[in-house]
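Scroll down for the structure; my scribbles are underneath it.
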Amino acid sequence: MAPNTAQKPAEADAACERAGSPAIELDGLQRRYGERVALNALSLSLEAGQTLVVFGPNGAGKTTLLRLLATLLRPHAGSARVLGAELPARAHAVRGRIGLLAHEPLLYRELSPRENLLFHARLHGVQATRVQDMLERVGLSGRAEEPLRNLSRGMVQRVAIARAVLHDPELLLLDEPRANLDPAASELVEPLIGRDCGRTRVLSSHDPLGGLQEADVVLGLRGGRPVLLANVASVDPEQIRELYR
Amino acid sequence: MYGRRLRALSFSTAASLCLALGLVFFFAPLEADQGFLQKIFYVHVPLAIVALCGFVASGLMAIGYLRTGDSRWDMRSYVTIHMSLIFGVGVLLTGSIWAKGSWGHWWVWDEPTLVSFLIIFLLYAIYQPLRFAIEDPERQSRYAAVFAITAAAFVPMNFIAVRLSTAYVHPRVLGQTSNLPFKMAFTFLVCLAAIALLYVTLCKYEMTAKHTRGQLRALRRRLHSEDGLVGVGGRSAVASLVAPAAPALQMSPRPQAVPGRLSESS
Amino acid sequence: MSTVSHEPVKAPAAVRGRAAPSMRATVAALLRKELLIELRTLESVPGMSLFAVTIFVVFHFALNQNSLAGNEAAGVLWVTLLLGAMLGVNRLFVADSDQGGFDAFMLAPVNRSALLLAKASALALYLLVLELVAVPAFALLLAGASLGHAFPTLLAVLALADAGVAVIGTLVAAIAVRTRARDLLGPLLALPLLIPVVIGSARASAPLFGAQGSSGRWLLMLALYDLVFGLISYAVFDFLLED
């Protein structure tokens with residue numbers, strides 16, 4: 001991955017500066033939907049610059065966790081501290097320092113990639129020059145003016161990735177980021193959201209081997225409860241597969 | 001905790017309703033123009049006043065909910081609107097009967113109070129369909145609160161608009177209680193108090209019922225989860241289901257720190 | 001952000017040293033996006049305008065009148081405008097709700113009320129276009145007397161009514177869009193809430209079509225309505241976004 005780090009020296013520097021203080025601290029975190037508990041008793045701590053990979057079957061609470069960390073959902077019990085700010089009280093302080101790549105691309109179908117990104121750039125106070133830069137880096141400068149509904153799912157996912165990192169967030173929340181991406185596209189976005197992008201990452205995944213390669217810390221969820229939380233070195237892929245049985 | 005106070009409240013409501021009815025039929029004088037028909041005034045107007053106060057109060061309770069996030073405020077707001085709607089049906093029925101008796105029509109458009117009550121009733125009738133159309137319970141409460149606040153502000157605004165628009169042609173006892181003879185005014189006030197008490201009592205009954213149902217559900221849930229702990233079933237049994245298959249998993253509900261990488265938050 | 005104990009992050013030049021966008025910049029960005037989507041899809045405004053003209057034709061046959069005057073004229077005009085506005089209200093947040101625009105907005109470090117302002121401005125602009133089509137069409141098809149002399153008053157009525165419809169329409173649309181029966185609940189919520197606007201604007205414009213009375217106090221009432229519900233919407237709108 002050396003060429004990638006060389007491409008983005010500034011962001012790699014930033015990662016060094018950030019190392020040391022925990023980027024995410026959760027203690028007894030809980031979120032309910034009515035009486036159904038979507039996430040329960042989750043406690044963990046993640047250092048800045050590290051990657052947490054979340055495994056679990058559908059409905060295990062992965063998306064809920066990502067949305068909680070993104071300040072889109074409020075916790076119902078326990079405490080959550082993200083980038084040093086207590087949620088939900090100080091959520092406004094970290095908005096704009098978090099990038100979320102959700103299942104939905106969070107983009108308007110009728111607008112072109114450039115218009116979508118310009119809109120987000122304005123909302124985040126980012127200069128318009130960054131938009132062209134991002135379009136080039138996800139390999140879409142050639143189709144930047146077409147409405148999104150004309151693009152393939154893989155291209156839309158690349159625009160969504162550009163949107164998620166447009167404002168250079170310190171924390172990246174990625175919900176199955178490589179869904180819909182072919183290997184070439186996957187390689188293309190590696191410097192933006194991959195292991196060496198220089199950001200703290202929380203990633204949800206269904207792929208045991210690929211997920212473990214990305215991870216520093218592994219979290220396994222089942223029925224909203226943490227059933228596995230360990231350093232990647234001590235996790236066997238078989239354990240991950242076990243989660244889905 | 002609810003039981004004793006509720007019983008006392010029920011008794012005093014029943015007593016005051018009896019007193020009010022007695023006064024209406026045996027104490028209050030017959031009105032010169034309308035005769036016996038005018039007695040409906042002692043039911044219609046207090047019902048309307050209480051229902052409207054209920055609507056406005058529900059808005060204040062909704063503010064309480066949005067400020068505190070305490071679901072009891074949401075429940076109060078819900079029950080108040082529900083009860084005001086039921087009283088509202090009474091208002092429209094008695095108003096209609098009165099109109100038929102006085103003017104020979106079941107509905108008259110030049111009675112601004114009744115007309116604006118109809119508009120308010122139509123607005124609040126959407127409250128329950130709105131709630132049931134939202135799945136997430138928390139969002140349901142929040143949206144319902146926003147509705148209740150907006151609608152409560154709408155109540156006086158609507159009155160102003162409708163009153164301005166209606167030529168005030170029919171001199172009626174309504175809205176002129178200060179000019180009533182003493183006996184009528186006294187009877188009216190007792191009726192108002194009795195119907196207000198009835199309103200509060202019915203609200204309390206509904207809240208108690210809801211509260212009890214909630215407690216029952218919580219107990220049942222606890223029963224289930226205790227079953228789960230001994231490994232019989234239920235959601236919390238998931239961990240014990242995974243355990244035999246994957247002995248290497250870390251099973252503690254509060255996962256332990258991983259040296260070097262993870263540090264337990266204090 | 002000053003209280004957060006975090007080292008400043010080095011970032012590319014385009015990103016570094018940025019401040020959270022101002023309210024004005026946020027509203028401008030949102031409004032720009034809104035109008036861009038409308039221009040591209042033409043989902044709301046042409047439909048609203050065409051609908052209004054069609055309703056005039058329907059009224060001609062339903063009332064069996066070749067021209068209307070006084071209260072009837074004002075009533076037909078305002079019922080039509082209101083129904084046309086409902087079409088816009090129903091579509092106002094659909095793209096945001098279905099395509100994740102709400103989430104995207106919530107992730108940005110901006111003032112939430114900007115969304116209310118931008119959407120209400122967009123809706124007011126749509127209403128303006130609707131009226132640019134519907135009022136001349138009404139004058140041509142149904143109004144007996146010429147409207148030329150009444151132009152300034154009519155303009156004031158339209159402006160005040162539009163503001164009220166835009167504010168309430170935005171609030172109601174934001175409520176209805178995240179419910180299951182949104183197409184039904186939107187109008188059911190909005191129409192009773194807008195009855196004072198109908199009263200005010202119909203009564204204020206009736207004298208322009210030859211009815212007795214004056215417009216003054218109705219304009220005042222419309223202004224009061226706009227003020228009250230503008231403030232209420234501003235106060236409660238944030239609660240519709242949070243989860």
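Given R₀ = 56 Å, FRET efficiency for A:Ala77-C:Arg40 by Cβ-Cβ distance, to 0.05? Write down the numbers at each step before the final one.
Numbers: r = 45 Å, r/R0 = 0.80.
Computed FRET efficiency for A:Ala77 and C:Arg40 comes out at 0.80.
Peptide C:36-44: average number of partner chain Cβ atoms within 10 Å per residue? Don't jump to the answer; show the numbers that get you there.
On the way: counts 7, 5, 1, 1, 7, 4, 0, 1, 0.
Partner-chain Cβ atoms within 10 Å, mean over residues of C:36-44: 3.
Per residue of chain C, what 222 nm ellipticity follows from adding -39500 (n - 2.57) for every DSSP H run with n ≥ 4, rounded to the nearest 500? Walk me through the intermediate numbers first.
Working: 9 runs with 177 residues, N = 243.
Result for chain C: -25000 deg cm²/dmol, rounded to the nearest 500.
Highest mean first, what order results for B:203-209, C:109-115 on Cβ atoms within 10 Å? Mind dumping the intermediate values first?
Details: B:203-209: 16.3, C:109-115: 20.9.
With the highest mean Cβ count within 10 Å placed first, the list reads C:109-115, B:203-209.
Mind giving me the FRET efficiency for A:Arg195 and B:Val200? R0 is 56 Å, r the Cβ-Cβ distance, nearest 0.05 is fine. The partial results should precede the final answer.
Numbers: r = 64 Å, r/R0 = 1.15.
Step by step, r from the Cβ atoms, then E = 0.30.
What is the packing order of peptides B:150-159, A:28-37, taking the mean over residues of other C-beta atoms within 10 Å and listing the highest first? Intermediate values should be presented prior to the final figure.
On the way: B:150-159: 20.8, A:28-37: 16.5.
The densest-packed peptide leads the list: B:150-159, A:28-37.
Quick one: work out Rg over Rh on the C-alpha atoms of chain A, Rh as Kirkwood radius.
Values: Rg = 17.5 Å, Rh = 18.3 Å.
Result: Rg/Rh = 0.95.
Just tell me which aspartates and glutamates come within less than 16 Å, Cα to Cα, of C:Lys33; anything on the same chain fewer than 8 places away is out.
Once the sequence-local aspartates and glutamates are set aside, what remains near C:Lys33 is A:Glu110, A:Glu115, A:Glu145, A:Glu146, C:Glu43, C:Asp96, C:Asp98, C:Asp103.
Specify which residue in the list B:Gly90, B:Ser10, B:Pro112 is farthest towards the positive end of the charge dipole of the stretch B:1-133, using unit charges on the beta carbon of Lys, Arg (+1) and Asp, Glu (-1), about the Cα centre.
Among B:Gly90, B:Ser10, B:Pro112, the one farthest towards the positive end of the dipole of the stretch B:1-133 is B:Ser10.
Could you check how many percent of all C-alpha pairs in the stretch C:163-242 are farther apart than 20 Å? Numbers along the way, then the final one.
Values: 1291 of 3160 pairs.
Every Cα pair in the stretch C:163-242 considered, those over 20 Å come to 41 percent.
Once amide H atoms are built 1.01 Å from N in the peptide plane, which residues 5 or more positions from A:Leu101, or in another chain, come under 5 Å H to H?
Residues meeting the criterion, in which the H sits 1.01 Å from N, are A:Leu173, A:Leu174, A:Asp175.
Lys and Arg at +1, Asp and Glu at -1: add these up for the other residues within a Cβ distance under 10 Å of C:Val110 and post the number. Let's see the in-between values first.
On the way: positive: A:Arg95, A:Arg122, C:Arg112; negative: none.
Result for the neighbourhood of C:Val110: +3.
Could you please state, rounded to a whole Å, how far the C-alpha centre of the stretch B:121-144 is from the C-alpha centre of the stretch A:215-245?
That distance is 40 Å.
With no solvent and one point per C-alpha, what does the Debye sum give as log10 I(q)/I(0) for chain C at q = 0.09 Å⁻¹?
Here the Debye-derived log intensity ratios amount to -0.44.
Ignore the peptide's own chain and count Cβ atoms of other chains within 10 Å of each Cβ in A:123-132; give me the average, rounded. Mind dumping the intermediate values first?
On the way: counts 14, 9, 13, 6, 6, 1, 3, 6, 1, 1.
Mean number of neighbouring Cβ atoms from other chains: 6.
Give me Rg/Rg_expected for the stretch A:40-170, where Rg uses Cα atoms only and Rg_expected = 2.2 N^0.38 Å with N residues. Don't jump to the answer; show the numbers that get you there.
Values: Rg = 16.3 Å, N = 131, 2.2 N^0.38 = 14.0 Å.
This ratio for the stretch A:40-170 stands at 1.16.
Determine ³J(HN,Hα), in whole Hz, for all residues of the stretch C:95-103 in sequence, where each value follows from phi through the Karplus function 6.51 cos²θ - 1.76 cosθ + 1.60 and θ = phi - 60°; x replaces Gly and Pro.
5, 5, 6, 7, 10, x, x, 4, 4
With labels modelled as points extended 7 Å from the Cα through the Cβ direction, what inter-label distance (nm, one decimal) is found for A:Ser141 paired with B:Ile86?
Output for this residue pair reads 7.0 nm.
Given only helices, namely DSSP H runs of n ≥ 4 each adding -39500 (n - 2.57), what is the per-residue ellipticity at 222 nm of chain A, to the nearest 500 deg cm²/dmol? Could you put the intermediate results ahead of the total?
Values: 10 runs with 87 residues, N = 245.
Roughly -10000 deg cm²/dmol at 222 nm, from the helical runs in chain A.
Note down the nm distance, to one decimal, between modelled labels 7 Å out along Cα→Cβ at C:Gln65 and at A:Ala179.
5.7 nm
At a Förster distance of 30 Å, what's the computed FRET efficiency of C:Leu141 paired with C:Ser22, Cβ-Cβ distance as r, to 0.05? Display every interim value, and only then the final one.
Working: r = 46 Å, r/R0 = 1.52.
Result of the calculation: an efficiency of 0.05.
So how much slack lies between B:Leu122 and B:Leu93, counting 0.36 nm per residue of separation and subtracting their Cα-Cα distance, in nm? Walk me through the numbers before you get to the answer.
Values: separation 29, 0.36 × 29 = 10.44 nm, distance 1.44 nm.
In short, 9.0 nm is gained.
Quick check on the protein assembly as shown: of the DSSP beta bridges with both residues there, what percent are antiparallel, nearest 5%? Numbers along the way, then the final one.
Values: 23 of 42 bridges.
In the protein assembly as shown, DSSP labels about 55 percent of beta bridges as antiparallel.
Modelled label-to-label distance, B:Glu135 and B:Asp110, 7 Å Cα→beta-carbon offset: nm?
For the pair B:Glu135/B:Asp110, the computed spacing is 5.3 nm.
From the backbone phi of the stretch C:226-243, what are the Karplus-calculated ³J(HN,Hα) couplings (6.51 cos²θ - 1.76 cosθ + 1.60, θ = phi - 60°) in whole Hz, Gly and Pro given as x?
4, 5, 4, 7, x, 5, 4, 4, 4, 6, 9, 4, 3, 5, 7, 9, 5, 10
Excluding residues on the same chain fewer than 8 positions from A:Lys62, give the aspartates and glutamates whose Cα lies under 16 Å from its Cα.
A:Glu104, A:Asp175, A:Glu176, A:Asp207
For peptide A:162-168, compute the average count of partner chain beta-carbon atoms within 10 Å of each residue's beta-carbon.
Working: counts 0, 2, 1, 1, 2, 7, 8.
For this peptide, the per-residue mean of nearby foreign Cβ atoms is 3.
Normalise the Debye intensity by I(0) for the protein assembly as shown, one equal point scatterer per Cα, no solvent, then take log10 at q = 0.06 Å⁻¹ and round to two decimals.
So the normalised log intensities work out to -0.48.
Nothing charged except the Cβ atoms of Lys and Arg (+1) and of Asp and Glu (-1): what's the magnitude of the dipole of the stretch C:22-242 about its Cα centre? Round to the nearest 20 debye.
Values: 12 positive and 13 negative charges, 26 e Å.
Charge dipole of the stretch C:22-242: 120 debye, to the nearest 20.
Residue by residue through the stretch A:201-215, which ³J(HN,Hα) values in whole Hz follow from phi under the Karplus form 6.51 cos²θ - 1.76 cosθ + 1.60 (θ = phi - 60°), with glycine and proline marked x?
Calculated HN-Hα couplings, in order: 10, 10, 10, 9, 8, 10, 9, x, 5, x, x, 5, 4, 7, 7 Hz.
For B:Lys39, list the aspartates and glutamates whose Cα falls under 12 Å from its own Cα; do not include residues on the same chain fewer than 8 positions away.
Once the sequence-local aspartates and glutamates are set aside, what remains near B:Lys39 is B:Glu31.
FYI, it's all coordinate maths here, none of it is from the lab. Bear in mind the structure is a predicted one, so any value in this text is a computation, not a measurement. Backbone-built Cβ (ideal geometry, glycine too); neighbour counts: all protein chains shown.
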